[in-house]
């Protein structure tokens, strides 16, 4: 393992052969390795630096073993993770049931970890739509239920791979921006409870919908403020 500083710990979870390692290989090295494939034993680690909104974020990615016999070991690697990419094979319904198991684990033991559902091997569906094993709308309903982001990806073609990891990095950067607000900043914000939200004219103000209160920032609520107001 490198001594490189890591901002956000990201863990890859899912059944064996769903393509977790291929996903990491495509993202980090922009390559797709053709088999024969070997199961990951324990976990593999890689770090990647990403530019996000004028700053850099280093994702430390743990690619865990998918075999059930390494289940207890995987728990060690997701401890303290900021994000979990829970993978399932779009052509294998049993892999989605296994993904639900890992979601339940995270909800019970790492409740502050953000979850990203990742359907893999969508290139196989492009070849034959009949190979889809899990209905997209069922997965989307489940993602909404657990408040997770959903991506369907292909490590072979690269479809949605960069977008997935960029979303992880952006969410981390936004959350960090909120946490970096000082106690004085928060006290300042609470003074403006039930404030009106400026709409562009210094004399025209309208009540804000949603969370019940906003502060006046020249008509623009920055991302970190939206996180605060919505209870993240």
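Structure above, values below:
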| quantity | calculated |
| --- | --- |
| Rg/Rh for the range 8-177, where both radii come from Cα atoms and Rh is the Kirkwood radius | 0.93 |
| Burial ranking of peptide ranges 166-175, 17-26 (average Cβ count within 10 Å, highest at the top) | 17-26, 166-175 |
| Two-decimal Rg to Rh for the range 95-136 - Kirkwood Rh, Cα set | 1.11 |
| Exposure proxy ranking, count of Cβ atoms within 10 Å, fewest first, for 29, 137 | 137, 29 |
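Each value in this text was obtained by applying a stated rule to the coordinates, not by laboratory testing. This structure is a prediction, so every number in the text was calculated from the model and none was measured. Because the Cβ atoms are built from the backbone with ideal geometry, glycine has one as well, and the counts that use them run over all protein chains shown.
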